[in-house]
1. Would you please give the FRET efficiency between residue 355 and residue 2, computed as 1/(1 + (r/R0)^6) with r the Cβ-Cβ distance and R0 = 30 Å, to the nearest 0.05?
2. On a 0 to 90 degree scale, rounded to 10, what angle separates helix 285-310 from the longest Cα axis of the chain?
3. Using DSSP to call loops (not H, G, I, E or B), can you name the GluC sites (Glu not before Pro) in region 128-169 whose Cβ has at most 11 other Cβ atoms within 10 angstrom?
4. Run the numbers for residue 324 and residue 229: contour at 0.36 nm per residue of separation, minus the present Cα-Cα distance, in nm.
5. If R0 is 45 Å, what FRET efficiency do you get for residue 97 and residue 305 from their C-beta distance, rounded to 0.05?
6. Which net charge results for the neighbourhood of residue 205, defined as the other residues with beta-carbon distances under 10 angstrom from its beta-carbon, given Lys and Arg at +1 and Asp and Glu at -1?
7. Using a Förster distance of 45 Å, how high is the FRET efficiency between residue 348 and residue 62, based on the Cβ-Cβ distance and rounded to 0.05?
8. Calculate, in nm to one decimal, what residue 9 and residue 41 gain on full extension: separation in residues at 0.36 nm each, minus their alpha carbon distance.
Amino acid sequence: MEIFPDFSDLNQSVGNYVVWLLVFVQLFWLLFFYLRIVIHKEKNNETLPPISVIIAAKNEEENLQEFLPAILEQNYPEFEVIVINHQSRDSTLYILKDFEKRYPNLRIIDIQDSTHLMYGKKLPITLGVKGAKYENLLFTDADCRPASSSWIREMAAKYSEQKSIVLGYAPYEKKEGFLNKWIRIDTTFIALNYLSYAKAGVPYMGVGRNLAYTKDLFMTNGGFKMHYTIASGDDDLFIQEVVKNKNYTISLSPDSFCYSEPEITWENWMSQKGRHLTTAPRYPLIKKLLLGIYPLSVILLFLSFVPLLVLNWFNWFTIGLIGVLISVKWIVLGMAFKRLEQKSFMGSILFWDLFYAFFAPIIYFKANKTTKKKWK
């Protein structure tokens, strides 16, 4: 085997150049974007502002009984919890009223059942924001469990005069089965993207399960008026509209994480994913490209091995570059997944990186064709 490709052979040269380019693209993504998660240092402010926690709930009687106490009993000096009961047909309202007797920091906003009101989280969130007593807001869902009693403290400490948006992380609980592995892999890669891109100055989303921004930011920008007619967008399209002049930051303290209950059937998850994907066509072209280039390069590099093997175009330089990529990828992705509390994937991260690149587009395409379930 030669050290370099035979540059006198145009086809062999082009084939190796393509491989080198794909290796460079992935190394760039790993070192310029994803490494930022590994080396990120938390910056907390000593001032802890009063916080309004806002939760939109629809038919959440079981989840509220299980998870709401962990939010109401947070270790924080001054906060309120606003739960907006959005046309629930179960015992959600009665459970909330029972909690209200025991927790003076709980406030309830009740939206009566009506065929004239839109489904989705945007109406209850809007009412919650308008009714909030405090300027600094923190959002989560009824099926979410804070990782610690310091969740509010860790998220609120990121607020400052310059930072009016805090992008948090919301992993899913670890369960048995392949579906759960897939959901956690999907969620972690999505988090790796939106958190690292935000660190690099290209924010494009947060997650409504763990997101903070100010009341003034919401009201000044007209809330969700630009995309009120679609089910999703409260945590990505809205964020894209309001980020400016580095008015945002991220939180990667494990105590600031908020865990969610995952779907237990493929049908429900595909339907949920399909609803989330309704916002994708509205993304700017540059952000669509940023989200697609890395997985595409992973697929193309893997496929390029076929002609190199069949035509015997491999050489020591190309093999060395691929070896460097594998080593860097193993370290950076492994450490990033560890930072995001997904240590169980570290040993097999190269497999999951390839598997996700191939199958995520297929599953997303199918999910986008699936009938989207309404929010709750």
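Just so you know, all these numbers are worked out from the coordinates, no wet-lab data involved. Because the structure is a prediction, the values reported are computed rather than measured. Here the Cβ positions follow ideal geometry from the backbone for every residue, glycine too, while neighbour counts run over all protein chains shown.
1. Given R0 = 30 Å and the Cβ-Cβ separation, E is 0.40.
2. Once rounded, the angle reads 30 degrees.
3. 161
4. Here the answer is 29.4 nm.
5. 0.10
6. -1
7. With R0 = 45 Å, the Cβ-Cβ based efficiency is 0.85.
8. Taking 0.36 nm per residue and subtracting the Cα distance, the gain is 6.6 nm.
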